[in-house]
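Where a number appears in this text, it was derived from the coordinates with a stated rule and is not lab data. Keep in mind that what you see is a predicted model, and the values were worked out from it rather than measured. We place every Cβ from the backbone using ideal geometry, glycine too, and count neighbours over all the protein chains shown.
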Ligand code: SF4
């Protein structure tokens, strides 16, 4: 059984680089200022795990957490 | 820009670690080994030049400073020979410190979101192709002077609603401010005045004939109390958008083409896998980051264990951070499919570049359109590549031979 992943953006750290949205458009949304938050409840649908890790490892502000549940 | 007079000379550097100078010709030509030497010596080095200036050499030290708005002020954004009084509203929000920074920044963010940039993309593709039409039949070209230089200037002119045909005027102002102005105050002031007069005329015009461009957008902006921005704020932000929007991306596109011209394996890979271009753009941004910012130490503190004293400037080198091998394995190699790439080319923290989405789009489009029409090109051995000095690094002369017959 693979673990379920959840992404979370720390709004205090996010500076709107939009890397997450470019790399994993299914998992993140941007507000009118271009700052990111996780789409919906942040649960990563099966098959998108790799994209979640990729977004985390490319966020310049280290604002993204990937939580394994 | 060899047609413009050159800045005053500084004595040549003989001791990089204790007497560095980012305007030295050796640094301009090839800064990478210098940064390695400085980094090996200390995470923060100091020079007496520029009235006292530190330089963080590691990614960590750069991050610490970028996130520390208590000890480091952004009111001066260029390390220069002189430190005159700072004008209020010089170029908000880049010159703003908290708490006035946030509202000024939020004002500029909506027009530069990724979605807004998507709408601009067709215009950018057309501009790139128009430029290519102008030289493709010649078999050779200065790709900096005739291609990379005009892409960002025309994009920002388009967004601001000022004539793209004034591009050469804008480019000259930027050269006076970012290069000559480091050592010659009068050049900087002259350019700033000319820019202000230029924009003031456009502002006046829009008072009777409103438009749907960024100038009108700023004129119509209201703060939380419903008041319009002060005129000096509108002007300052317009100056910032023009200055920041031009030779930064011009440099990034130029460096990218330079890399592809001298690295046929990478060029062929991008031709075969165009979907890799966005990833490659990030790596080219990391390896050849154009922009070095500045801070001023306003309160004594320590950075990565090194004491820094108030009254000194900081050369906040995002390019040097991006070459830190502790942060990026094989930092000195360009790995166009690098997966983990938290590069800091657009800065870190609250002053993250407002135009980063625009710059990324321009770079991708510029490379895509170029590669589609000019798959084969190489450096012209009969010509010389030259680099800009100081705040923004990129090729200013980029002689290429085009086509297979080389
Ligand atoms: S990459 Fe990081 S800083 Fe950028 S929008 Fe996403 S969460 Fe925010």
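Return the single residue from B:345, B:145, B:382 with maximal mean-square fluctuation; model: Gaussian network over chain B, springs between Cα atoms under 10 Å.
B:382
Counting helices only, and only those DSSP H runs with n ≥ 4, report the 222 nm mean residue ellipticity of chain A as the sum of -39,500 (n - 2.57) divided by its residues, in deg cm²/dmol to the nearest 500. Before the final figure, lay out the partial values.
Numbers: 2 runs with 15 residues, N = 69.
Roughly -5500 deg cm²/dmol at 222 nm, from the helical runs in chain A.
For region B:257-275 and region A:1-35, what is the centre-to-centre distance using only Cα atoms, to the nearest Å?
30
Could you tell me which of rounded, prolate or oblate describes the protein assembly as shown, using a ≥ b ≥ c as the square roots of the eigenvalues of the alpha-carbon gyration tensor, with rounded for a/c under 1.5 and, failing that, prolate when a/b is larger than b/c and oblate otherwise?
rounded
Mean projection of the alpha-carbon convex hull of chain B over all orientations, in nm²? Mind showing how you got there, number by number?
Numbers: hull surface 77.8 nm².
Average projection, Cα convex hull of chain B: 19.4 nm².
Under a crude label model (7 Å from the Cα following the beta-carbon direction), how far is residue B:85 from residue B:29 in nanometres?
Here the modelled spin labels are 4.3 nm apart.
Just B:188, B:241, B:276 to compare: in a GNM of chain B, with alpha carbon springs under 10 Å, which one fluctuates most?
Residue with maximal mean-square fluctuation among B:188, B:241, B:276: B:276.
If you take the square roots of the eigenvalues of the alpha-carbon gyration tensor of region B:31-146 and sort them as a ≥ b ≥ c, do you get rounded (a/c under 1.5), prolate (a/b over b/c) or oblate?
The shape class here is oblate.
Taking neighbour counts of Cβ atoms within 10 Å as a proxy for exposure, in what order, fewest first, do B:81, B:115 appear? Show your work: numbers first, answer last.
Numbers: B:81 16, B:115 12.
Least crowded to most crowded, the residues run B:115, B:81.
In peptide B:345-358, what is the residue-averaged number of other protein chain Cβ atoms found within 10 Å of each Cβ?
Across B:345-358, the average partner-chain Cβ count within 10 Å equals 3.
Taking the Cβ of each residue in B:113, B:248, B:302 as the centre, tally the other Cβ atoms inside 10 Å and list the residues starting with the fewest.
B:302, B:113, B:248
Let me confirm one metric for peptide A:34-40, namely the mean number of other chain beta-carbon atoms within 10 Å of its residues' beta-carbons.
2
Provide a whole-number value for the mean count of partner chain Cβ atoms within 10 Å of the Cβ atoms in peptide A:12-22.
Going residue by residue through A:12-22 and averaging, the value is 5.
What list do you get for B:198, A:33 if you sort them by fewest beta carbons within 10 Å?
Listing B:198, A:33 from fewest to most nearby Cβ atoms yields A:33, B:198.
Computed FRET efficiency, Cβ-Cβ of residue B:223 and residue B:404, R0 60 Å: what is it to the nearest 0.05?
0.55
Which whole-number percent is the relative contact order of chain A (Cα, under 8 Å, 6+ apart)?
Dividing the mean separation by the residue count of chain A yields 46 percent.
Compute a Gaussian network model of chain B, connecting alpha carbons closer than 10 Å, and tell me which residue from B:59, B:147, B:217 fluctuates the most.
Comparing B:59, B:147, B:217 in the GNM, the peak value goes to B:217.
Order B:128-134, B:392-398 from most to least packed using the mean count of other Cβ atoms within 10 Å.
Top to bottom by mean Cβ count within 10 Å: B:392-398, B:128-134.
Suppose only helical runs count, i.e. DSSP H with n ≥ 4. What mean residue ellipticity at 222 nm does that imply for chain B under -39500 (n - 2.57) per run, divided by all residues and rounded to the nearest 500 deg cm²/dmol?
The per-residue figure over chain B is -14000 deg cm²/dmol.
Testing the spin-label approximation: label points 7 Å from Cα along Cα→Cβ at residue B:67 and residue B:299. State their distance in nm.
Calculated label separation equals 1.7 nm.
I need the peptides B:162-172, B:362-372 ranked by packing, meaning the mean over residues of other C-beta atoms within 10 angstrom, with the highest value on top.
Top of the packing list down: B:362-372, B:162-172.
Give me the percent relative contact order of chain B, please, defined on Cα pairs under 8 angstrom at least 6 residues apart.
Relative CO of chain B lands at 27 percent.
How high is the relative contact order of region B:298-406, in percent, counting Cα pairs under 8 Å that sit 6 or more residues apart?
14
Under the classification rounded if a/c is under 1.5, otherwise prolate if a/b is larger than b/c and oblate if not, where does region A:5-68 fall, given a ≥ b ≥ c as square roots of the Cα gyration tensor eigenvalues?
prolate
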